[in-house]
Structure formats: C-alpha cells, structure tokens
Amino acid sequence: MDIDVNIQDCVRSLPFWSKGYPKIPMPSWAVNDPLARLWKDFPTLLKAARVVWAHIVQANELLFQRGSQDCPGEVVYDPRGLKEAGDLAVVAEQLFSLKGTKPFDSELVAVADHLTSERSRVFGRPVPKKISEYPLRFSTIFFCRKHLPNRRLSLPCFPILVNEECLGSVMVLPSRWWPAELIDVWKEAS
C-alpha cells in the first residue's frame, strides 16, 4: 500500500482547535534520556518529512494492550522508502532473534546487546550486512498512543516520518492522515 502524504499540508489543514494533535508530550523520564533528541527533531519531521514503512523489531508490551502510557520501541525501515512492509518483516525477525544471544560477529553483538538491554537507544543504525545487503536502518522510536488508530499496536507495520536533516529520528505518521483502508485493517487486527 502506497502512502502519499504531504505532512506540511496535513499539519496546515488542521483546524485551530486541533493544532496540538501532532505534538507528542515528553514524559519526565525522557528529559535526561538519549531519546530526548526525538522531541528536538519532531518539529522538523512535522514540517518536512517523507513517509516510509516501518516494522516493529521490539516494543514495550504495554503498547499491545489498552492503556494510556506512551512507550519506546525499536523499528526497522528503509530511509529511501523503496522497501514495502513485507520486506521489512523478515529483517525485523532476524534482528529480534539476536536478543539475548552472544553472536561472534561484532556488528551482530552490538545489535544483540542493544535489543537485550531494552534501555539503550539507537538512531538510524545501519542493519548489519549479514542480515540485509540492502541499506536499511533501525531506530528507537517513541509510540504516542494518540497517533495510533485504536491507541495501541495492532499490527507490526505502520507508516513513519523520516527526514535526512534529523537522520535516525523517526515518528509514527499520526493516524489521522493514514489511508482509510489501513485504519480499517489496523482496527480489524485488534
């Protein structure tokens, strides 16, 4: 499914009472966390970004249930936007399979250690060539429930915003601007 969205037009077209919709509140714990860079980069993403597909590598289990807490997770994506969601699924599975392991390859060790930690952050780290020859990236993302159709993760793939000016900082495309058919599929998966 192609998602052709001009984020500037979307933000500009918001009625004045909804101007705060795309903004993501920063939790107090994030102030001194490397994740704080996302809040610095969110305005750039909302002014000039491309929409590409992402696939969850791992996310806080709270995000798969009803609730109010926003949480971080890890996604894999193609910053050029050429890979489809299905192509990313295989890579996401291979990345996740490294969690809790001790590989011999140093590139794979870095990924395994990061995923096992669940508290470290990465921003635009290249996917190791042993997993994909294609230039994919993975990043820590912050899931804001109000940007998900049913306020939780129902499917592993979704559109994100990327911009070369803030390489590695990514944001879920607020679902208000998702195609209706994607929202329907998302809600059916619940």
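Any read-out appearing in this document is the output of simple, stated calculations on the displayed coordinates, not a laboratory observation. No experiment lies behind these values; they were computed from the predicted model shown. Because the Cβ atoms are built from the backbone with ideal geometry, glycine has one as well, and the counts that use them run over all protein chains shown.
What the table below lists for this structure:
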quantity	calculated
Dipole moment magnitude, nearest 20 debye, the chain about Cα centre, only Lys, Arg, Asp, Glu C-beta charged	680
In degrees, nearest ten, helix 37-47 long axis to first principal axis of the chain (Cα)	50
Cβ-based charge dipole, the chain, positive-most Cα from Trp177, Ser154, Ala30	Ala30
Calculated FRET efficiency for the pair Arg152/Ser97, C-beta based, R₀ 25 Å, to 0.05	0.55
Helix-derived mean residue ellipticity, 222 nm - over the chain, DSSP H n ≥ 4, -39500 (n - 2.57), to 500	-7500 deg cm²/dmol
For region 53-115, Kirkwood radius (reciprocal of mean inverse C-alpha pair distance, Å)	12.9
Partner lysines for Lys102 [C-alpha distance under 18 Å; skip if fewer than 8 residues away on the same chain]	Lys129, Lys130
Contour minus Cα-Cα distance for Trp29 and Asp2 (0.36 nm per residue)	6.1 nm
Label-point gap, in nm, between Arg12 and Glu84 - each point 7 angstrom along Cα→Cβ	3.2
The chain: equivalent-ellipsoid semi-axes (sqrt of 5 x gyration tensor eigenvalues, Cα, Å)	26, 18, 17
Cα→Cβ-extended label distance, 7 Å offset, between Gln69 and Arg50, nm	3.6
Net charge dipole size for region 56-98 [Lys, Arg +1 and Asp, Glu -1 on Cβ; Debye, nearest 20]	60
Computed label-point distance, nm, for sites Val185 and Lys130 using a 7 Å Cα→Cβ extension	3.3
Per-pair calculated FRET efficiency, R0 = 30 Å: Glu61 and Glu165 via Cβ, rounded to 0.05	0.35
